[in-house]
Each structure stands twice: as C-alpha cells, then as structure tokens.
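In what follows, a structure is listed as structure tokens, so that the remarks can point back to it.
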Amino acid sequence: VALEAEIFCSARAVANKEKEVVMLIDLGARSTTISIVDSGLVKISHSFDTAGNDFTKLISRGLNMELSEAERAKRGQGIKQSQDATVREAILPMIDLIVGEIKKILSNFSSQNGKKPARIILAGGTALLPGLTGYFSEAVGMAVEIANPFADLYCPPILNDTLSEMGPAYTVAVGAAMRGFE
C-alpha cells in the first residue's frame, strides 16, 4: 500500500506527538541514522554505515573472540565502566565517531534553524548497549532516553517489561504499523 523511508516510521512511533525538537538516533545492526524531528516532522536525516555489527566485529578482532562470544560481551558489558574495560576500549573509538557525527548535525541544525533539540531518543537494537545513554549524554551535554514505541499503545500490563526491553528494536515496525492511524 505504501513505501516510505524508515526514519518516517521511527518518527511516527516515538516522536510524532512531540511539540519540541528532538534528535532521533536509530542505531541498528548495519547502519546508524541521526535525524532531527521538529513537532513530529523530520527536518534532517543523515545515515552512515557504522553500527552494532561493526562493534561486534571490533570486539571479536580486538579480543580474539568468536563473533557469537563478542556479541554476548557487547550486550553484557557494552561501554560501562568496569574492572575489565577491554570491551569498552575495543568499541569506544567507533562510538566516538558517532558522537562526532551527532555534534556536527547538532551544530548545523542549530546554526541554520536557531533551535536546539531538547533531548536525544535512541532507537534500534544497539540502543540498549550498556552504558551508551550515559556516554552520549555526557559527550553531547543533552538528556538521552531509550525509545519505547509501545508507550502509547494498549498492551496487557504483563507485557510492559518485555515490550520496553525489546521496544527500541521494533521502532520502525511499530511506526510502519501506525501508518494511517495518526
């Protein structure tokens, strides 16, 4: 019935009712998309090929692990500060590349529009990387939250915890399903 870019689905799912400017970052397995959404409308969108699978490969090569073991280490430790910071050290340079892109997009948007996003919303499966929200918040100087596309949908209360855990990975799917209901 319709074909649209993923960012419009994501914006519909988590930023459609926002009356303020927000930055939406979709950290997927194969790519990252950084967008600025103003009053529910996508103003800027920039995608690049740095994402979760790249983090796993860096951990695998850097720590001499199988990919499945590296994926478990990534999901378990992420970039949290800990005694054994090897996983953090392996992927932090690539995360800093993403931070650099965030800062460039913020700077360009602010200089062209005279506005600054109120906060960052992280979507995509990699959004749940342990320590990422705090790192982004500190690096960019802005509040960061995890997307919950199920927040405004009716679901049995017993599913709330499960849906909030898996929500970021389903942001695009939920937004696509919501098409026509707005």
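The values are calculated or read from the model by the stated rules, or taken from the named source; none is laboratory data. If you're wondering where the values come from, they're calculated on a predicted model, not measured in any experiment. Here the Cβ positions follow ideal geometry from the backbone for every residue, glycine too, while neighbour counts run over all protein chains shown. For the accessible areas, the whole protein counts, side chains as well, though only heavy atoms, and no ligand, DNA or RNA atoms are used. Shrake-Rupley method; radii C 1.70, N 1.55, O 1.52, S 1.80 Å.
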Mean separation of Cα contacts under 8 Å (6+ apart) over length of segment 45-182, as relative contact order %: 20
Within the accessible area of segment 30-182 (1.4 Å probe), percent carbon and sulfur: 51
Amide H contacts of I44 (H built 1.01 Å from N, under 5 Å, at least 5 apart or other chain): I36
Cα-based equivalent ellipsoid, segment 1-94: semi-axes from gyration tensor eigenvalues, Å: 32, 15, 10
Theoretical FRET efficiency, 1/(1+(r/R0)^6), r = Cβ-Cβ of A139 and A2, R0 30 Å, to 0.05: 0.25
Residues I146 and V99, FRET efficiency given R0 of 22 Å [Cβ-Cβ distance, rounded to 0.05]: 0.80
Of I98, T171, G114, farthest towards positive along the dipole that unit charges on Lys, Arg, Asp, Glu beta carbons give segment 59-173: G114
For the chain, calculated [θ]222 nm from helices alone, where every DSSP H run of n ≥ 4 adds -39500 (n - 2.57): -14000 deg cm²/dmol
Alpha carbon centroid spacing (whole Å) that separates segment 1-58 from segment 106-156: 10
Positive minus negative residues near L122 (Lys, Arg vs Asp, Glu; Cβ under 9 Å): -2
Distance-filtered residues of segment 49-65 - backbone nitrogen under 11 Å, label point 7 angstrom along E89 Cα→Cβ: 63
Radius 10 Å from Cβ of F109, net charge of other residues (Lys, Arg +1; Asp, Glu -1): +3
Electrostatic dipole magnitude of the chain [Cβ: Lys, Arg +1; Asp, Glu -1; Cα centre; debye, to 20]: 320
Zone of L153's modelled label, taken as backbone nitrogen in segment 13-30 under 13 Å from a point 7 Å along Cα→Cβ: 13-14
Amide H within-cut-off set for V21, under 5 Å, with H built and near neighbours excluded: S39, A118
Net lengthening on full extension, S107/K80 (0.36 nm per residue, minus Cα-Cα): 7.0 nm
J(HN,Hα) series, segment 127-136, from Karplus relation 6.51 cos²θ - 1.76 cosθ + 1.60, nearest Hz, glycine and proline x: 4, 8, 4, x, x, 5, 4, x, 5, 4
For segment 1-141, accessible area per residue (1.4 Å probe, heavy atoms of protein chains only), Å²: 51
Computed Rg/Rh of segment 76-164, alpha carbon atoms with Kirkwood Rh: 1.05
Selection of chymotrypsin sites (Phe, Trp or Tyr not before Pro), segment 85-171, meeting DSSP coil and at most 13 other Cβ within 10 Å: Y154
Net lengthening on full extension, R179/K57 (0.36 nm per residue, minus Cα-Cα): 40.4 nm
